[in-house]
Amino acid sequence: MPDIDELLSEEDRKKKDATAQKKWPASVILAAPFFLLVIPLYKAARERVNWKAALAMVGTFEALMFCAEAFSVSRGHWIWNPNRILGPTIFGIPIEEPLLYYWFPPLFVVILMHAFEGYFTKRKKD
């Protein structure tokens, strides 16, 4: 029985090979629109947020997730396409993981929650 790679065309083999792909840091580019959402939400919620508590939450989340992800990477459960990341890694984890995905989502949720709380409180008074 022939190997599956023998049945692929040359073009399909190139697509299958991650190193043959063009460098395109998709995770950073796809996260960019969320930063545009944060600006008006931050303006609406900046007085309501307890920033010390928010930063403690983000720091705790960052430490726990980094350890869990480092363990997953060491076991081979978690991998990245080298052409879809910025390049630099820390213990095999792309630099954008701790910078974008560990601190941004929890902070975004806190700001969003306080922005909605301010909106509904103002609406209730009217």
ask   = Roughly how many nanometres apart are two label points built 7 Å out from the Cα toward the Cβ at Met57 and Trp80?
value = 2.5 nm
remark   = Surrounding charge for Tyr101, neighbours by C-beta under 15 angstrom, Lys/Arg +1, Asp/Glu -1, total -3
note = In the structure shown, of Lys43/Lys125; Lys43/Lys122; Lys52/Lys124, the pairs separated by more than 23 angstrom at the C-alpha atoms are Lys52/Lys124
task = Can you give me the three principal axis dimensions of segment 38-125 from its C-alpha atoms, in Å, biggest first?
result = 54, 25, 18
ask   = If you add up the charges near Ala44, with Lys and Arg at +1 and Asp and Glu at -1, over every other residue whose beta carbon is less than 15 angstrom from its beta carbon, what do you get?
value = +3
query = Packing-wise, with mean Cβ within 10 Å as the measure, how do 106-118, 53-65, 29-41 rank, highest first?
reply = 106-118, 53-65, 29-41
Eligible lysines near Lys22 by straight Cα distance, threshold 19 Å, same-chain separation 8 or greater = Lys14
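Read-outs: derived from the displayed coordinates by stated rules, not from any lab. Owing to the predicted nature of the structure, the values given are computational and were not obtained by experimental measurement. All Cβ positions, glycine included, derive from the backbone under ideal geometry; neighbour counts span all protein chains shown.
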